[in-house]
Structure formats: structure tokens, C-alpha cells
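The structure appears below as C-alpha cells.
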Amino acid sequence: MTHKNDKKSIFAWVMYDWANSAFATSVLAGFFPIFFKQYWSVGIDPTLSTARLGLANAAAGLLVAILAPFLGAVADMGAFKKKFLLFFTVLGVVATAALYFVGLGDWAWAAFFFSCANVGFSGGIIFYDALITDISSEDRLHNISALGYAYGYLGGGLLCAINVWMSLSPATFGLSDTTEAVRMIFMTVAIWWAIFSIPLFVMVKEPVYIAPKNKLNMISGGVKQLWVTLHEIRHQKNLLLFLVAYWFYIDGVGTVIRMAVDYGMSLGFKPDDLIAALLITQFIGLPAAIAFGHLGNRLGAKISIFIGLAIYLAVSIGGAFITSRVEFWILATLIGLAQGGVQTLSRSYYAMIIPPEKSAEYFGFYNMLGKFAAVLGPVLMGSVPLLFRHFGYASDTASRAGIISISLLFLIGAILLYQVKEQKPSNQTAGINQ
């Protein structure tokens, strides 16, 4: 069993954030939206390609959302968090590598492999997040959660910087042109993700809270436990309120991550400018995530999350009025300040108010809400511009309407979060297990 606050275990755990953040940065937020628009959707109206990208994100999010609570319940029946994490990691790595082989104009295959990789990335996060309760004591949750995001920003940012160099100077890497360079980027992400995931699988151990007698009992027990937990959450008003608030505001966060580069392209910004903005976000996010971890200890997680949401609200409204790349870079800086903080403190705050022996299951619900939210956000970003185009508005105006619609999600989430009491429930299972 891993001893909590063990330095080697913490290092191995945060290295997984270093590993999979390469996908979040170079693929999810960076080169895939650009390549999808310019290479795999060549000759297609930008508004339509945005809608297709939004639907691809939504499909992956919906699948993970449906599976998350059940998989979490089964994982908690024994030491299965790492096994599920390994499955989703392999899926993500293989699907990302497959993007290298997708040819010009094959947007459907590109969307398919991207969705599979996205499922691997998002599904793995469920069990990665759940492992934090096995390696950290409650008093260190904010800081260790922040450290994970900080490593993620650094690792993702470093590989993204190398990938930008590769795309700008293909000959330096022995590649024929930019197209071959971008295709190779997907392969480098797959290799990076695979290699740097190894420390977690080798060094982090997880406790077995319930020992299943056989696989059939494990599955049936997982289904029963899922039903019990549904009742537990329903009776924990404060926890339920936090989850609903999280559902709304993390939708906005996820949408900005997934669709910001595509939005910039719709406004006519050059790919180099957009990737530069992405790098700004990554390297600003590193110290900001750590700073928010300390801020959470000083001011409380709830107030600190409010600060991050206020920044995001300014970004979603201000983003509708930008006209230059400098303004886009300013927004990228603001996103970097807020992104890690909101994600870090939401994760650690939630970990503080759930039973550790059911961490995978409870984080299954937590991530389920995040994935259902990731269904709504990209659909908004895709459908609102299409609606505006239907009524005769220019593509530029339609895209701006899409980004400003996201502000509603931050507002609703903040209003609900305001009503959450920052305290641990007195009894997670009172009156349920009868």
C-alpha cells in the first residue's frame, strides 16, 4: 500500500499529468483544431467545420459521461483504478498515433480517431483524479492537486514548444514540409504520453477497500454500490449543490480549452499566432496553478474558485470583441491565470468532502458531470454560430455570438457555488445503507 504523502508516489502521480497534458495541449487545444480545419476539412465552410469539431468533442464527452459512474463503482470494488487508467491510457495513445495516418480531406476518420483519443484522455482522468486520495492526506490535497496541474502545464508546454518548432522548421527534424511535421506531432504526443505514464503504474500503489470474490460479484457489486451512491449524493444537499455548480462552470472551462484555437481561426488569426497564445496559456498556467493552491489554503477553495470564474467571465465576454492578435494573447494570459486554479481547487475541494474508500466512484460522478458539460459547451459553440448564419449574419459575427454564449455557464455556476457551504458533510452514508 502507498503511504500517504510519500514523495516518490506523489512524483509518480504528478508525472501522469506531465504525460497526458501533451494531448491536452498539442492535440486537443492546439494542432488538431488547426489541422482539422485546414487539412482534413479542406474546402469546407469554417462554420461547418467548427460544428463538426464540436460534435466530435461532444460525442466523446457523452460516452465518458455515461460510463464514468459505473466504471468508478467497479474500480472501487478492488484495486482497479490503475487497471482502468491503463486501459484508457492505451486507448488514448493508440488513437492519437493513428491520426498520423489519416489522409487529406478524411475529416470523418480524423474525427473518429480524435474522439477515441479524447475518450482515452477523459476516461483516464477519472481514475487519475481518484488516486489522489490514496497518495495525499486531507491537509495537503490543495497543494498536491496544484502540483499535478503545474507539472501538466510544464510537460504539456515543453512538448508543445518543441512541436511548434517542428511545425515552423520541418527540415531541422528531417521532415519534408509543415504537413508532415504536423502529422508527426500526433506521433510525438502518443510516445510522450506512453513513456511518462510509466512511473505512476510502477510506483503508485492503491489500497483494496473491498475484496471481490470473483469478477461477476465485482460487477454486480459495482452496480449495487452505484445505486447506493446515487442515493447518498441525493441526500447530501451541499455535495449535490457543488456538483451542479461544477457541472455548469467546468463546461465553460472545458469549452474554452477545446474550442479557443478554432474560434481564433474563425476570426481569421494565423495558426502561428494561435499556437503562440496556447504556449502563453501553458507557461502562465504553471505558476498560477501553484499560486492558486496556496490561495486555496489561505482564502479557502470557494473564494479562490470565484476569482478564477470572474476571470473566465471576463474572457468569454471580452472574447466577443477582440480584433487583433495582441488582444487574443491578452485573453490567453488571463486563461492561463484562471484555468489551473479553477481545475485544481475544484478537484481538491471535492476530494475533501467525499469518502476516500469510494474515491473512484465519486470521482466517476464528478467527471461524469464534467463530460456532460463538455457535451453542452462545444454544441453551443458549434450550433449558435450556425443559427446566426441561418439568419444571415456574417461568419465573423456568428463566431463571436458563439463565444459570448459561454458566459452564461460561468454565471450560473458561480450563482450555484455561492450557495455551497464550505464544509465536510457530517455523515456521507447516514440513513442510506439500510
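In what sequence, highest mean first, do 82-94, 17-29, 278-290 appear when ranked by Cβ atoms within 10 angstrom? Walk me through the intermediate numbers first.
On the way: 82-94: 20.0, 17-29: 26.7, 278-290: 23.2.
Going by the mean number of other Cβ atoms within 10 Å, highest first, we get 17-29, 278-290, 82-94.
Placing one identical point scatterer on every Cα of the range 234-365 and ignoring solvent, what is log10 I(q)/I(0) from the Debye formula at q = 0.14, 0.15, 0.18 Å⁻¹?
Scattering profile of the range 234-365, log10 relative to I(0): -0.67, -0.75, -0.98.
Using a probe of 1.4 angstrom, how much of the accessible area of the range 225-334 is carbon and sulfur, in percent?
Working: 3170 of 4430 Å².
The value for the range 225-334 is 72 percent carbon and sulfur by accessible area.
Please list 399-408, 333-342 highest first by mean number of surrounding beta-carbon atoms within 10 Å per residue. Numbers along the way, then the final one.
Working: 399-408: 21.9, 333-342: 24.5.
Per-residue mean Cβ counts within 10 Å order the peptides as 333-342, 399-408.
For a 29 Å ceiling on Cα separation, which of these pairs sit above it: LYS205/LYS302; LYS4/LYS83; LYS205/LYS237? If you can, show how the numbers build up before the last one.
Values: LYS205/LYS302 31 Å; LYS4/LYS83 20 Å; LYS205/LYS237 33 Å.
Listed pairs above 29 Å: LYS205/LYS302; LYS205/LYS237.
What's the carbon and sulfur percent of the range 54-156's accessible surface, probe 1.4 angstrom, rounded to a whole number?
Working: 2510 of 3210 Å².
About 78 percent, which is the carbon plus sulfur part of the accessible surface.
From the alpha carbon gyration tensor of the range 27-137, can you work out the equivalent ellipsoid semi-axes (sqrt of 5 times each eigenvalue) and give them in Å, largest to smallest? Don't skip to the answer; put the middle values down first.
On the way: eigenvalues 200, 34, 25 Å².
One finds semi-axes of 32, 13, 11 Å for the range 27-137.
Enter the per residue convex hull volume of the range 141-203, computed from alpha-carbon coordinates, in Å³ rounded to the nearest integer.
On the way: hull volume 5.1 nm³, N = 63.
Per-residue hull volume (Cα only) is 82 Å³.
If you take the Cα Rg of the range 10-70 and divide it by 2.2 N^0.38 Å, with N the number of residues, what do you get?
1.44
The values are calculated or read from the model by the stated rules, or taken from the named source; none is laboratory data. On a predicted model such as this, the values are computed, not experimentally measured, just so you know. Cβ sites come from the backbone with ideal geometry, for glycine too, and all protein chains shown count toward neighbours. Just so you know, the surface numbers come from the protein's heavy atoms only, side chains and all, with ligands and any DNA or RNA stripped out. Shrake-Rupley method; radii C 1.70, N 1.55, O 1.52, S 1.80 Å.
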